[in-house]
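Values in this text are rule-based calculations from the coordinates and carry no lab data. Predicted model, so just to flag it, every value in this text is computed and none were measured. As a convention, Cβ positions derive from the backbone with ideal geometry for all residues, glycine included, and neighbour counts pool all protein chains shown.
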Ligand code: NAD
């Protein structure tokens, strides 16, 4: 049992009202620990601490702040296995994925943003011989960071690292479903000697602790990753307070598979892009569109490949998929599949719960599921499932492919599979997505703009986009008394 405590002003503390929530392990559905059910009072204490710490933290040189970030990265790396085990236990993902993707990326987030601030360039504009404009970037203040459950440490550190590197202090509210690795990060931060109050963690429900953070008048910036509906509620709270808002939201990501693609590469990558992390990555493919002439071949090979995917104990190295994050989420996923079948979509494979050994019976497993969707009207073609469920749909020609791909309110990510350079460029431009991968998937360069179009988000993070977001840019116009000679 792992008891999580809030981390406020450099100390591990019980929530002020003394309430805790049970934390269920997706592997077998048992209680694996407890986390604070924090209230507005806990958020307020953390914000006060972060405000006190702000002037001194902002006053450090960027080199001094970067050294703390490098130290945090080194400490996480030195206990990578402990972090990976916690992430897998808490989230349900296979341990090998946590070990090879989640935790290394969290380490990289700290190293990347430490390096980024060290190499950041600033702008100056020579207006005339004796006038210069230059811009100065300064930290915003207390950054409120709210993160989801699918890539818990990976996405939390994607916010914490740039916020700290640029001189903000932090109050973070991780997902109530997956707070375990955040609590290990708090231990690392304490050990790295970060000054008290610079980085605070307050755990609990979104509707309570999360809402209090968004509504707090002394938190001028909210960076949120989560669901599109939650973002609407956050926007309503934050807009009248004129907060800086970054919103990374849901998706309904299409894969466009043209007949001239490299078939084997497209097939293998689309299996991966659909079901990695149980389909619980915002960038996972959820709608697969295949050119008519290739459709039957692709469908046969795809379904055959999906049937071989091993769903099982997240602790086992050979499990491709572990368990979904919660009982409620599995209910939600299954509800989508049930209603899709009632709407007349054919189930090509999956649906329902796999046969597993008795010690895993209480876990939240779900079979990788493929449905045949003749058009884009059904609920499952419009709503985000965020689980191991994809649809297969044929398209006639280029225009039909783009129309179908763009037929949802979302615009996060898309993959395009073709060997024709013209088709690749055209489709990349025409598809509604903030992130387009051509002949690959989830290949990331942390300098690039990351974010969604339409209802998938507002703003971009990554590289200089994050450095910009976590700072206020001030223009200073300076006139010299005498022109330069
Ligand atoms: P969620 O919106 O339910 O919760 C996300 C976070 O917001 C949690 O910490 C939660 O406690 C908090 N929260 C909930 N209600 C709140 C409120 N009223 N005020 C303040 N905070 C509140 O999302 P989730 O179920 O944790 O995550 C899944 C969603 O996240 C999916 O839609 C997925 O696509 C999206 N996601 C997007 C990205 C991206 O980069 N675009 C990445 C990962 C996940």
Expected output is a single nm value to one decimal: the length gained when fully extending between residue 263 and residue 318, i.e. 0.36 nm times separation in residues minus the C-alpha distance. What is it? 17.3 nm
For helix 62-78, what angle does its Cα long axis make with the longest principal axis of the chain, in degrees from 0 to 90 and rounded to 10? 40
Helix 40-59 sits off the longest principal axis of the Cα atoms of the chain, rounded to the nearest 10 on a 0 to 90 degree scale, by 60
What number, in percent, do you get for the relative contact order of segment 253-438 if the mean sequence gap of Cα pairs under 8 Å and at least 6 apart is divided by its residue count? 29
Ordered by fewest other Cβ atoms within 10 Å, a rough proxy for footprinting exposure, 437, 417 read 437, 417
Mean 1/r over all different Cα pairs, inverted: what Kirkwood radius does segment 199-285 give, in Å? 15.7
Can you sort 349, 199 so the residue with the fewest Cβ neighbours within 10 Å comes first? 349, 199
What percent antiparallel are the DSSP beta bridges of the chain, to the nearest 5? 40
How long are the semi-axes of the equivalent ellipsoid of segment 253-438, defined as square roots of 5 times the Cα gyration tensor eigenvalues? Whole Å, largest first. 28, 17, 15
Convert 25 °C to kelvin, take the viscosity as 0.890 mPa s, use the Kirkwood radius over C-alpha pairs of segment 146-208 as Rh, and evaluate the Stokes-Einstein diffusion coefficient in µm²/s, rounded to a whole number. 207
Extension reserve of the residue 3-residue 332 stretch, reckoned as 0.36 nm per residue once the Cα distance is removed: 115.6 nm
Is the shape of the chain best called rounded, prolate or oblate, per the rule: a/c under 1.5 gives rounded, else a/b larger than b/c gives prolate, else oblate, with a ≥ b ≥ c the square roots of the Cα gyration tensor eigenvalues? oblate
Could you rank the peptides 89-96, 475-482 by their average count of other C-beta atoms within 10 Å per residue, with the highest value first? 89-96, 475-482
Can you tell me the relative contact order of segment 329-485? Whole percent, Cα pairs under 8 Å, sequence separation 6 or more. 15
Segment 138-162 to segment 41-61: how many Å between their Cα centroids? 16
To check you understand DSSP bridge types, tell me what percent of the beta bridges within segment 253-438 (both residues inside) are antiparallel, rounded to 5. 10
Is segment 276-347 best put as rounded, prolate or oblate by its Cα gyration tensor, with a ≥ b ≥ c the root eigenvalues, rounded for a/c under 1.5, and otherwise prolate when a/b is larger than b/c, oblate when not? oblate
Please tell me the relative contact order of the chain in percent, rounded to the nearest whole number, where contacts are Cα pairs under 8 Å and at least six residues apart. 19
Between 0 and 90 degrees, rounded to the nearest ten: what's the tilt of helix 292-307 against the longest Cα principal axis of the chain? 80
Determine, for each peptide in 313-323, 62-72, the mean count of other beta carbons within 10 angstrom over its residues, then list the peptides with the highest first. 313-323, 62-72
Could you let me know the centre-to-centre spacing of segment 398-475 and segment 198-277, using Cα atoms, in angstrom? 15
Please report 299, 474, 252 as a ranked list, fewest other C-beta atoms within 10 angstrom at the top and most at the bottom. 474, 299, 252
Taking the convex hull of Cα positions in segment 173-229, its mean projected area over all directions (nm²): 4.6
